[in-house]
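Worksheet: one structure, shown below.
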Amino acid sequence: MSPPRPPEPILHVDMDAFYASVAAREDSSLAGRPIAVGNGGRGVVASASYEARAYGVRSAMPMARALRLCPALLVVRPDFALYARVSEQLREIFLSVTPLVEPLSLDEAFLDVAGSVRLFGDPPAIAAMLRRRITAELALTASVGVAPNKFLAKLCSGKAKPDGVLHLRASDVGAFLAPLGVRDLWGVGEQTAAKLDRFGIRRVADVAATPAATLRRIVGPAAAEQLARLAVGADDRSVVPYEAAKGMSGEETFERDVDDEDVLRRELLRLAEKVARRLRRGDVAARTVTLKLRYANFATVTRARTLPAPTDRATDLHREAVALLAALRLERVRVRLIGLGATNLVPAGAARQLGLLDDDRWGLLERAADTARGRFGDAAVTRGALLDD
């Protein structure tokens, strides 16, 4: 007979300052110092170490502002291939405990451990075991929330940071939520919080005490229903073991505005290489290619084109993106950011089957390049057009 389902079966595991922590692990001279992972100049902070956060540096902050806040900040360029490898190792640790793992990003996931308690102990014991293994096997730290559902588990992991665990018992949910600010409720951003504040609704307890009709007038019927449920800790979503990516993309913010189409086409080639490698790594192909441009005045445009057959080849992605770029007829318009996206994903086998009679020399070359990069590093093989970089 199976043991009863524990009252707090959901874990949310969130790595601490993931990109920055991996950088410090790879280079011991960075340990204990203020680090920001990202591109310099007009790039943004992708991750900041806790030493940098003490100065007010935060993710998504412009790097220029981060450097003003912390002049001693060490800027480290991101290595997403490395982060993906570490993320896969992390996922293997999770899967050794339960098959019910729902990744949210490279560095966080929900786990339903109800079926694992007989082997590994109660959920708090499993959380402690996972944290020990992550430290021992990956030399990194994680924070874990243990709670009755996904909303509460994610909230708890945030409160446990850094390098901590918070177990919220089902009997304590009301007392735990009541004093929290409304921004702790999932989906409440700055604008919604301001609307609620005008009616004196500042804490979760205030939301729970507000009549449903009043909430509907303030934020609308859909948001009101969600807020009312979350304010009492209700969330019936189950852990979904895997959800295929809806799309993959890459973008680059230039150090200085660019008005040279040759430079834009070359950057699109670099982005096409990056996105295509991710498609092949995920064993998927894309039916739609999207071009994104942000001009010097911050106006942003996107253009998309659906392909006759799905592809995972950089050559195809680049050709379509360049055609979209040419159709815009920029005529020396200054560009601040350029991006390339691949969406409407299908299994890669479908792409190869549809193109069975086509010349696949480029596909064979790109897959061979993937093998070489896997053995000798990302710089082992590159396009001639990108050699200067």
Filtered residues of region 144-166 (kept if surrounded by fewer than 19 Cβ atoms within 10 Å (Cβ to Cβ), at negative phi and of a type outside the set (Lys, Arg)):
Gly158, Pro162, Gly164
Leading residue by the ranking (modelled with the highest pLDDT) among those in region 41-57 that are under 22 Å from the mean Cα position of the chain (by Cα) and surrounded by fewer than 16 Cβ atoms within 10 Å (Cβ to Cβ)
Gly56
Give the residue, chosen from Thr290, Thr253, that is modelled with pLDDT under 90, assigned by TED's automatic domain parsing to the domain that holds Pro347, surrounded by 17 or more Cβ atoms within 10 Å (Cβ to Cβ) and assigned to a strand (DSSP E or B).
Thr253
Looking only at region 298-319, and only at residues there that are aliphatic (A, V, I, L, M), more than 16 Å from Val258 (Cβ to Cβ) and not in a helix (DSSP H, G or I), the one that is modelled with the lowest pLDDT:
Ala309
Is it the case, given these coordinates, that Val322 is in the same structural domain as Ala276 (by TED's automatic domain parsing) and at pLDDT 90 or above?
yes
Can you tell me which residue among Leu279, Leu268 is closer than 13 Å to Leu337 by Cβ and surrounded by 19 or more Cβ atoms within 10 Å (Cβ to Cβ)?
Leu268
For region 207-224, does any single residue satisfy the condition of being assigned to a helix (DSSP H, G or I) and either within 28 Å of Met15 (Cα to Cα) or acidic (Asp, Glu) (or both)?
no
Name the one entry in Val76, Val97 that is more than 21 Å from Ala46 (Cα to Cα), aliphatic (A, V, I, L, M) and over 15 Å from the mean Cα position of the chain (by Cα).
Val97
Among the numbered criteria (1) surrounded by fewer than 17 Cβ atoms within 10 Å (Cβ to Cβ); (2) at pLDDT 90 or above; (3) within 24 Å of the chain's Cα centre (by Cα); (4) among the β-branched types (Val, Ile, Thr), which one does Val240 miss?
(2)
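The values are calculated or read from the model by the stated rules, or taken from the named source; none is laboratory data. No experiment lies behind these values; they were computed from the predicted model shown. Note that we place each Cβ from the backbone using ideal geometry, even for glycine, and neighbour counts take in every protein chain shown.
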